[in-house]
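Below: the structure, in structure tokens.
The values are calculated or read from the model by the stated rules, or taken from the named source; none is laboratory data. Here the structure is a predicted model, which is why all the values come from computation and not from measurement. Please note: Cβ atoms are built from the backbone with ideal geometry, for glycine as well, and neighbour counts cover all protein chains shown.
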Amino acid sequence: MNETVNEFWLKISSNRFYKQLLKEPFTYVTGAVLLAVFATAHLAVFSKGWGVTSAFADWGAWLYRLAGGNVDQWAYFSSEKAQKTLSSGFLNDGGSIRNVGIILGALAATLFASEFKLKKIKSKKQVVAAVLGGLLMGYGARLANGCNIGALFTAIASLSLSGWVFGLFLLVGAFIGSKLLAKFFM
């Protein structure tokens, strides 16, 4: 039985399609085409551009409500649409399901490519940099009304000037951030 299973995995791992689709990275052109196809399909099905960070605000509101808080009077959640999203719950929110799909898809891709690794934390500075960077990115994405998906790719694909402005400041921020990272955390 064990030999049969091993033979099966040996055959699969030597298969050309398995290697191309699950082991080796896609080319940039393939990635761009897939991104364009999925973004177009999303727009056709949901009649709105693809976004990620709006669901995170809802996640925070749901957690705050679980802790006994009330967000009904907050400007962001005062609209009828936002109230409907909050009352329908996590499993009925398409943005939340897509975000979970992105996370699980990234995990699956990492596992299929045999690239999953648990790394030892080198220092407390590394933890501080990661937590601070993540918080600043999340805060910035909400201030910018989107992240690289909604405020950059979707905006540019919709021929919006705001996407190009976002992209310019994204490059500036990445440059400054990499200089600060190299100076203080390396």
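Residues being exposed (fewer than 12 other Cβ atoms within 10 Å of the Cβ), within 20 Å of the chain's Cα centre (by Cα) and of a type outside the set (Val, Ile, Thr): count how many of those fall in the stretch 11-31. Total satisfying the criteria: 3. Answer yes or no: is there a residue in the stretch 51-70 that is within 22 Å of Gly138 (Cα to Cα) and of a type in the set (Lys, Arg). The answer is yes; a qualifying residue exists. Which residues, taken from the stretch 125-160, are closer than 23 Å to Asp58 by Cα and not in a helix (DSSP H, G or I)? Residues satisfying the conditions are Ala144, Asn145, Gly146, Cys147.
With respect to being in contact (Cβ under 8 Å) with a residue 24 or more places away in the chain, surrounded by 15 or more Cβ atoms within 10 Å (Cβ to Cβ) and in a helix (DSSP H, G or I), Gly163 falls outside the description.
The requirement of being modelled with pLDDT under 85 and either over 30 Å from Ser13 (Cβ atoms) or part of a helix (DSSP H, G or I) (or both) is fulfilled somewhere in the stretch 101-109, by at least one residue. Quick check: anything in the stretch 26-48 closer than 18 Å to Asn145 by Cβ, at pLDDT below 85 and part of a loop (DSSP other than H, G, I, E, B)? The answer is yes, given that some residue of the stretch 26-48 is closer than 18 Å to Asn145 by Cβ, at pLDDT below 85 and part of a loop (DSSP other than H, G, I, E, B). Taking the criterion of being in contact with a Ser or Thr (Cβ under 8 Å, 6 or more places away or on another chain) and among the small types (Gly, Ala, Ser), the residues of the stretch 15-52 that qualify are Ala39, Gly49, Gly51. Restricting attention to the stretch 49-68, the residues being assigned to a helix (DSSP H, G or I), touching a helix residue (DSSP H, G or I) at 6+ places or on another chain (Cβ under 8 Å) and among the aliphatic types (A, V, I, L, M) number 3. Test Val71 against the criterion of being β-branched (Val, Ile, Thr), outside any helix (DSSP H, G or I) and surrounded by 10 or more Cβ atoms within 10 Å (Cβ to Cβ), and give yes or no. When the stated conditions are applied, Val71 passes them. Of the residues making up the stretch 41-66, those that are crowded, with 17+ Cβ neighbours inside 10 Å, without any contact (Cβ under 8 Å) to a residue 40 or more places away in the chain and either touching a strand residue (DSSP E or B) at 6+ places or on another chain (Cβ under 6 Å) or under 14 Å from Ile102 (Cβ atoms) (or both) number 1.
How many residues does the stretch 14-25 contain that are over 20 Å from Gly105 (Cα atoms) and either of a type in the set (Phe, Trp, Tyr) or part of a helix (DSSP H, G or I) (or both)? Residues that pass the stated criteria total 2. Is it the case that Ala113 is loosely packed, with under 12 Cβ neighbours inside 10 Å, under 23 Å from Gly31 (Cα atoms), aliphatic (A, V, I, L, M) and not assigned by TED's automatic domain parsing to the domain that holds Leu181? When the stated conditions are applied, Ala113 does not pass them. Residues in the stretch 117-150 that are out of contact with any Gly (no Cβ under 7 Å at 6 or more places or on another chain) and either charged (D, E, K, R) or surrounded by 11 or more Cβ atoms within 10 Å (Cβ to Cβ) (or both): 23 in all.
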